[in-house]
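Since every read-out is calculated from the coordinates, none of them should be taken as a lab result. All figures in this text were calculated on a predicted structure; none of them were measured in a lab.
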């Protein structure tokens, strides 16, 4: 049984508790000893909801000293992430953080260095990696059925009314949401992004303070590209939260709805103005032990037990964060930005 403390008891924490409670493999693996939040009431509410004698408090260091957990589940707002993870590491805890990994690339590099120096495991929630659809598409790409990948295009159009801190954030779409799609594209792409150009706007009628829409182009090391078109103020005709995709290879293309909707064709002849095609052959849908947040948490805890890296370990995830901050810098300057070595 892994002993944990949950830092951050806002709306997102309810989803974490639900994922743990409703996933048998997690319910038997996790004991949450304490809940911490700047709001004593929020921490007490989560502790009461969880039960099992869990403690509540407002001081993370004190809670860690009292309960001596193995891990910290970090669900705080991005500006507080550095302090929370540093405190957890100082108390000998491994950490699973909500995205983004840090509030800046410099802070992310500091956390990467601290984790290495102190021998701590740090992973970040990228729950799209733990869905059957993306695993099936990745297997399709790796099979060579589409040939070499030339381009990965993602569209994200939704109109959520969150209220709260998101509606006051700068670069809200790129920083709070697009990183999910960027990370999913990295998970699929055979080659790492090396340069980014981004255009950002806050369209008419936006209920966000800044940056609710963006168009982004990434160049990859092998000459392929990744594109992203997105908006958080697009009401009507929504995509899924996982985006809508077109993946183009040298032998064929697919359209993918971000979940289990995949259709496409590959070349099946060498003559004619348009070559003959046949339906793409899809690999089997994988059977995952858990999905979404439950999948991330289970992978983190299992990897910790097995002494391996989880799928979204810090030294991989910082590359997705670099895509995000590169896009933000490009949007601010109006110029392409090189995505350098982040390790």
**Message:** Please report the spacing between the Cα centers of the stretch 37-67 and the stretch 228-244 in Å, no decimals.
**Reply:** 37 Å
**Complete:** the stretch 174-255: relative contact order from alpha carbon pairs under 8 Å, six or more residues apart, as a whole percent, is 23 percent
**Request:** Kindly express, to the nearest 10 degrees and within the range 0 to 90, the angle between helix 40-50's C-alpha long axis and the longest C-alpha principal axis of the chain.
**Result:** 80 degrees
**Request:** Grab the Cα-Cα distance for residue 170 and residue 192, subtract it from 0.36 nm times how many residues apart they are, and report the gain in nm with one decimal.
**Result:** 5.3 nm
**Among 125, 277, 85, residue whose mean-square fluctuation peaks in a GNM of the chain (springs only between Cα atoms under 10 Å)** = 277
**Listed residues 265, 290, 43, most fluctuating in the chain (Gaussian network, C-alpha, under 10 Å)** = 265
**(i) 47, 24, 16; (ii) 30, 25, 18; (iii) 36, 23, 19, with the label sought being that of the calculated semi-axes √(5λ) of the Cα gyration tensor in Å** = (iii)
**Beta bridges per DSSP with both ends in the chain, % antiparallel, nearest 5** = 55 percent
**Request:** Decide, for the stretch 176-262, between rounded, prolate and oblate: order the square roots of the alpha carbon gyration tensor eigenvalues as a ≥ b ≥ c, take rounded if a/c falls under 1.5, and otherwise choose prolate if a/b is larger than b/c, else oblate.
**Result:** oblate
**Message:** If I build a Gaussian network model for the chain, linking alpha-carbon pairs within less than 10 angstrom, which residue out of 204, 55, 99 has the largest mean-square fluctuation?
**Reply:** 204
**Folded to 0 to 90 degrees: helix 105-118 orientation relative to the chain principal axis, Cα** = 60 degrees
**Message:** For Cα pairs less than 8 Å apart in space and 6+ apart in sequence, what is the mean separation divided by the residue count of the stretch 196-343, i.e. the relative contact order in percent?
**Reply:** 21 percent
**Message:** What do you get for the angle between helix 292-306 and the principal long axis of the chain? Use alpha-carbon atoms, 0 to 90 degrees, nearest ten.
**Reply:** 70 degrees
**Message:** I'd like the antiparallel share, as a percent to the nearest 5, of DSSP beta bridges with both residues in the stretch 133-248.
**Reply:** 75 percent
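Using Cα pairs closer than 8 Å and at least 6 residues apart in sequence, work out the relative contact order for the chain, in percent.
Contact order relative to length: 19 percent.
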**Prompt:** What shape does the stretch 223-343 have by the C-alpha gyration tensor, where a ≥ b ≥ c are the square roots of the eigenvalues, rounded means a/c under 1.5, and otherwise prolate means a/b greater than b/c and oblate the rest?
**Reply:** oblate
**Asked** Where a ≥ b ≥ c are the square roots of the eigenvalues of the C-alpha gyration tensor, would you call the stretch 229-268 rounded, which needs a/c under 1.5, or, failing that, prolate if a/b is larger than b/c, or oblate?
**Response** prolate
**Message:** Tell me the mean residue ellipticity at 222 nm calculated for the chain from its helices only (DSSP H runs of n ≥ 4, each -39500 (n - 2.57), averaged over every residue, nearest 500).
**Reply:** -10500 deg cm²/dmol
